[in-house]
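To start, the structure itself, in structure tokens.
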Amino acid sequence: MQQRRRIVLLFGLGIVLPSLLLGYLAFRGIQNDRALVEKERAEEIRRTAERALAAVDDRMADAESALAKIAAISVGTSSPEMAAALERAAVENPLIEQFFYLQNTRGILFPVANLLYVPDGWRETGLSPTGPAGDPAGLRAAEQLEFRQKDYPRAAAAYRLALRSAQDPNLAARILNAFARVLRKSGLLTEALSTYEEILGEHGSVVLPGGIPLGPSAALEAGLLSRELGDSPRSLRMSLALYRSLIRREWTLEKSEFEFFAGRVKGLIRELLADGAAGLDLAQFQAEFDGLAGEEAEAQGRTERALRFQIGAAPALRAKIAASAGQAGQGSPSVRLTLETGGLSYDVSVLSPAAGADGATARIWGLIIDAARLREDVLRPALSDLFPPGESSWVVRGRDGAALLSSEKAASGRPVFKTNFVSNFPDWALEIHQPPPRLIKTFLLSRRGLYSFVFLLIAGILVFGLILTLRSVSHELELARLKSDFVSTVSHEFKSPLTSIRQLAEMLQSGRVPSEERRQKYYDVLLEQSERLALLTDNILSLAKIESGRAALKLESTDIAALVADVTASIQERVRHEGFTIGLGVDGPLPPVAADRSALGQAVTNLLDNAVKYSGGSRKIEVRASHEGQAVAIAVRDFGIGISQEDRARVFERFYRAGDALTRTVKGSGLGLALVREIVEAHRGKVLVESEPGQGSLFTILLPVLPGEGK
Ligand code: ADP
């Protein structure tokens, strides 16, 4: 046990500990490398993401340079040159939602009239056309007749008179409008209709006092009149034309005016469509109407956004421009900022006011970026290109954290990379998600695989060493146990014959032996015991010799029959007084065999000795020598206790003794049969055993016949 512990301790210190240490180092190496891989990957992702952001930045820079070009045109905002430039810029930069400029006195203005309407009350700040006070007397007289006296025929005549003397075309248009109105009131519908059509055709853009243009009201009246006259198709065509003109901004209207006219004309169109009319392709009109309604809704959204910006953004814009002017980035051509006003969010880029410009009159140009377009037309394709699906997924989040845009494959878990946009504009964040790298894959496919192999190797060595150690330990222990068993049995074996020899010798010496017969008997016992001692010593020595390879057998042609007869006679002599009879049979003449006489004699002696020892109550033993094919057989048979099947396989093992140690009454060392086998095998022979418990045993030595002999 002590030894076992020592070996295990040595194994632990010598193999397990260094292996653990190596394993730990390899593990640390793997970890380090993994961290490195992760870092490289994160770096790669960062670079890729920055390319996507750069794409966005580039497109915005394009829009800004277009803006700079516009600002550089030093002509009025309503000049045709400016209009053309704005048109071109809008086509080339679909990301631009709106150009605008900021003027200290007037706030935010839009150079492009792409809005459905202007805010209510807008016109008050603008020019006011001539009002009733400046009207000629003829017109005022006609109006008296129309509104006070309600004398329409005379009013019509008065308007016609006033019209003839009117020099100003605007004034003439207004009088024509009043004339048409009176015609209608007088029931002259056809005349009224043609007058309205004349106004629409020639004076549509004339503005009434208060700023309302004549066009829309004339068109609406014409539509109503043609319906009253029963010409529905014409009415429908005129109404749709009016609706289209409203949406396409033929006239500048305030919001409430636009809503009034649009509401009226839409109501009329719906009624006409509901009425139906013979010979009319209603479906086509309906489709046209639906298309226009969609256009209106879209334009209305854009207009509302722009108006809210116009109303609310100026103070914030000024504040931010002032703040950024004081900052280090003063040299940069434009300021990008995200504004919240009227519940809407605007991504705005403003050209920095030229240094030294007079703040009171300088126009600050800016543009609103179309964030939806930027997302869908620039960011999505860029991200889809840069992060191929299947590997990574991405999400673009707004300021509130809601996902604005995401890859086809949904992102999950914590992002491996997160970044804001260049100069935080737009105010979004980009997140990249990626599944963690497969450990095995990463290491087996790269040079880092080495670590894994080292790892495996160490584990292999450990297991191998463990098995080897355990095996050698248990082998050692088994051997040690056998040896100590051997020592105790052998010393016991020696002790009892020696004791009896000493006792008998003492008695003989003291002369206290009563009779000669008894004395003779003692001599016999002395002889027998010393012979047993001699046999035992011989066995041990021979075995030791054979084992160490020192026993060179002296093989010579031997007469087996004679050898067997000699051994049998000697044993018979020894055991006669115990009542044994050993029968000897030799079958015919035996061919000579190459044998070492003394060794083979010892083997046969051992077999016979065992037969005697394990005979139990039986007193009969048979020895037979015969010629069996290519071999000479020496068989020793007894009729004693026999050997059980499992013991039969092991009786030839060294120190092995069959049966329970307690029930073993017969003295022995477990060496006899081991020696027999060694000797026989040294003769290239075989030894066999057949036995049945309680029936007795048959041991047979087979020795090869000398070549050329036998048969
Ligand atoms: P030993 O006789 O000294 O014990 P051996 O090697 O001669 O050692 O025999 C090994 C064992 O085989 C014996 O202990 C015994 O149990 C068994 N054995 C040998 N010969 C016989 C036999 N003829 N009959 C029964 N058992 C036998």
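The numbers here are math on the coordinates, done by the rules we state, and not lab data. Since the structure is predicted, the reported quantities are computational estimates derived from the model, not experimental observations. Note: ideal-geometry Cβ built from the backbone for every residue, glycine included; neighbour counts use all protein chains shown.
By the rule of a C-alpha distance below 27 Å, with chain neighbours fewer than 8 residues away ignored, the lysines paired with K39 are K409, K418, K441.
So if I average 1/r over every pair of distinct C-alpha atoms in the range 258-326 and take the inverse, what Kirkwood radius in Å does that give?
Evaluated on the range 258-326, it is 15.4 Å.
Given charges of +1 on the Cβ of Lys and Arg and -1 on the Cβ of Asp and Glu, with all other atoms neutral, how large is the dipole of the range 1-121 about its Cα centre, in debye to the nearest 20?
The calculation lands at about 1520 debye.
When only alpha carbons are used to place a centre, the range 51-101 and the range 646-708 end up 112 Å from one another. Using just its DSSP H runs of length 4 or more, each adding -39500 (n - 2.57), the chain gives a mean residue ellipticity at 222 nm of -18500 deg cm²/dmol after division by all residues.
In a DSSP loop and with at most 15 other Cβ atoms within 10 Å, the trypsin sites (Lys or Arg not before Pro) in the range 606-670 are R650, R664, K667. Output the 0 to 90 degree angle, nearest 10, between the alpha-carbon long axis of helix 152-165 and the longest principal axis computed from the alpha carbons of the chain. Long axis of 152-165 versus the principal axis of the chain: about 90 degrees. Estimated at 0.36 nm per residue, the fully extended path between D400 and E295 surpasses their Cα-Cα distance by 34.7 nm. Ordering I369, I45 by the number of other Cβ atoms within 10 Å of each residue's own Cβ, fewest first, gives I45, I369.
Note on the chain: along the principal axes its Cα atoms extend 193, 70, 52 Å, ordered by decreasing extent.
Hey, could you get me the Stokes-Einstein D for the range 454-524, Kirkwood radius over alpha-carbon pairs, 20 °C and 1.002 mPa s, rounded to whole µm² s⁻¹? The calculation lands on 126 µm²/s. Treating the beta-carbon of each Lys and Arg as +1 and of each Asp and Glu as -1, no other charges, what is the dipole magnitude of the range 157-199 about its Cα centre, to the nearest 20 debye? Charge dipole of the range 157-199: 200 debye, to the nearest 20. Per-residue Karplus couplings for the range 417-428, computed as 6.51 cos²θ - 1.76 cosθ + 1.60 with θ equal to phi - 60°, are listed in order as 8, 9, 8, 8, 7, 3, 6, 6, 9, x, 7, 10 Hz, Gly and Pro entered as x.
Could you work out how far helix 255-275 tilts from the main Cα principal axis of the chain, as a 0 to 90 degree angle to the nearest 10? With rounding to tens, the tilt is 80 degrees. With distances taken between every two different alpha-carbon atoms, the range 207-350 has a Kirkwood hydrodynamic radius of 18.2 Å. As a calculated quantity, the FRET efficiency between F453 and E44 at R0 = 30 Å, using C-beta atoms, amounts to about 0.65. Basic side chains Lys and Arg get +1 at the Cβ, acidic Asp and Glu get -1 at the Cβ, and with that the dipole of the chain about its Cα centre reaches some 2140 debye. Placing unit charges on each Cβ (+1 for Lys and Arg, -1 for Asp and Glu) gives the chain a dipole about its Cα centre, and among T665, A157, T469 the Cα reaching farthest toward its positive end belongs to T665.
Since only F179, P18, I108 are under comparison, the one whose Cα sits farthest along the positive direction of the charge dipole of the chain, derived from C-beta charges on Lys, Arg, Asp and Glu, is P18. If you plug the beta carbon distance of E376 and Q149 into 1/(1 + (r/R0)^6) with R0 = 56 Å, you get a FRET efficiency near 0.30. Taking the C-alpha atoms only, the angle from helix 672-682 to the longest principal axis of the chain is near 80 degrees. Listed by chain and number, the aspartates and glutamates whose C-alpha is less than 16 Å from the C-alpha of K266, apart from same-chain residues fewer than 8 away, are E221, E257, D275, E288, D290, E295, E296. Annotation: amide H of I96 within the under-5 Å range of D370, sequence separation 5 or more or interchain, hydrogens built in the peptide plane.
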